[in-house]
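J.: This is the structure I have questions about; it appears just below.
Each value in this text was obtained by applying a stated rule to the coordinates, not by laboratory testing. From a predicted model like this one, the values you see are computed outputs, not experimental measurements. Here the Cβ positions follow ideal geometry from the backbone for every residue, glycine too, while neighbour counts run over all protein chains shown.
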Amino acid sequence: MTVSNVERVRGALRQRIITGELQAGEHLNELALSREFGVSRVPVREAIRALESEGLVDSKLYSGSHVSELPAEDATDLFEVREAIEKAIARKAARRAPGADGAGTDGGTAEAAPDWAEARAEITEILAEGDAALAAGRTDLMAGLNMRFHQSVAALAGSPVQALLLRTIAGTIERLYVADAERRPRRSWPEHHTIIEAIDAGDAETAGRLMALHVRRSKRSYFKGLEARVAGSAGSGAEAGSGT
């Protein structure tokens, strides 16, 4: 077993779950997957364990491993947890920023720490990629870019604990984002620019408020989309039942 094999299998399965290629409740057959990827069952098992830690897979004795379900109440809880984490991250990132007058506000420093500057440069690239992807209609790229942005903001905050908390729920966040890919990206992506402007200004209160609002808007959009999908499924079922 090598780390590369584990990561290769994990990455492929993670992408399939996030995009919906692997549906909620679908069984993950270790033997079949080991044959598909040309590896033993050990890296497949380790990859599945890693996905369990992200909440993307459920494993139970005797019944094996399945793609996790995401009930509405769990999605609600996730958004609430995410709001608290990301608000704190945005506030801390702003505190570490160099202020416009040469001295960061709310405990910042005159010059950005090296890790802050590096993460900020990465954010500039991510925002440019996202702007270009939206302009080209590539909504399929937005979930990954969205998560990269939020993880880079966590890097600005410089808190390993906050970054770890965000990584723990990252897979499910991406999964929810993809489910709402037809509605949310065009509205949410510009919000990233305003959030980073507040962080750059060293304005912790505004950065935290904008990030919290950003997450709440994502929550509203997701549940509106869910209602539409449920209604659409019900309508399709009624048509099929009537023979039309």
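J.: If you project the alpha carbons of region 138-180 onto the principal axes, what extent comes out on each, in Å, largest first?
T.: Cα spread of region 138-180 along its principal axes, largest to smallest: 31, 17, 9 Å.
J.: As an exercise, take the mean of 1/r over every pair of distinct alpha carbons in the chain, invert it, and state the Kirkwood radius in angstroms.
T.: It works out to 19.6 Å.
J.: Considering the dipole of the chain built from charges on the beta carbon (Lys and Arg +1, Asp and Glu -1) around the Cα centre, which of Val230, Ala136, Thr206 is farthest to its positive end?
T.: Working it through, the farthest residue towards the positive pole turns out to be Val230.
J.: Note the full-extension length gain between Asp74 and Phe37 as 0.36 nm times their separation in residues minus their Cα-Cα distance, in nm to one decimal.
T.: Extra length from Asp74 to Phe37 when fully extended: 10.1 nm.
J.: In bins 10 Å wide, starting from 0, what share of all Cα pairs of region 1-73 does each bin hold, as a percent?
T.: So the P(r) values, bin by bin, are 21, 57, 20, 2.
J.: Can you give me the angle between helix 204-242 and the longest principal axis of the chain, using Cα atoms only, in degrees from 0 to 90, rounded to the nearest 10?
T.: 20 degrees
J.: So for the chain, taking the charge dipole from beta-carbon charges (+1 Lys/Arg, -1 Asp/Glu), which of Ala88, Ser40, Ile126 sits furthest toward the positive end?
T.: Positive-end residue among those listed: Ser40.
J.: Then there is this: Give, rounded to the nearest 20 debye, the magnitude of the charge dipole that the chain has about its Cα centre when Lys and Arg contribute +1 at Cβ and Asp and Glu contribute -1 at Cβ.
T.: Dipole size: approximately 320 debye.
J.: While we're here: For helix 41-53, report the angle its Cα long axis makes with the longest principal axis of the Cα atoms of the chain; keep it between 0 and 90° and round to the nearest 10°.
T.: For 41-53 against the chain, the angle is about 50 degrees.
J.: I've got another one for you. For Leu141 and Val161 in the same chain, what is the full-extension length gain: residue separation times 0.36 nm, less their Cα-Cα distance, in nm?
T.: 4.4 nm
J.: Given the alpha-carbon gyration tensor of region 121-216, what are the semi-axes of its equivalent ellipsoid in whole angstrom, ordered largest first, with each equal to the square root of 5 times an eigenvalue?
T.: Semi-axes (√(5λ), whole Å): 20, 16, 13.
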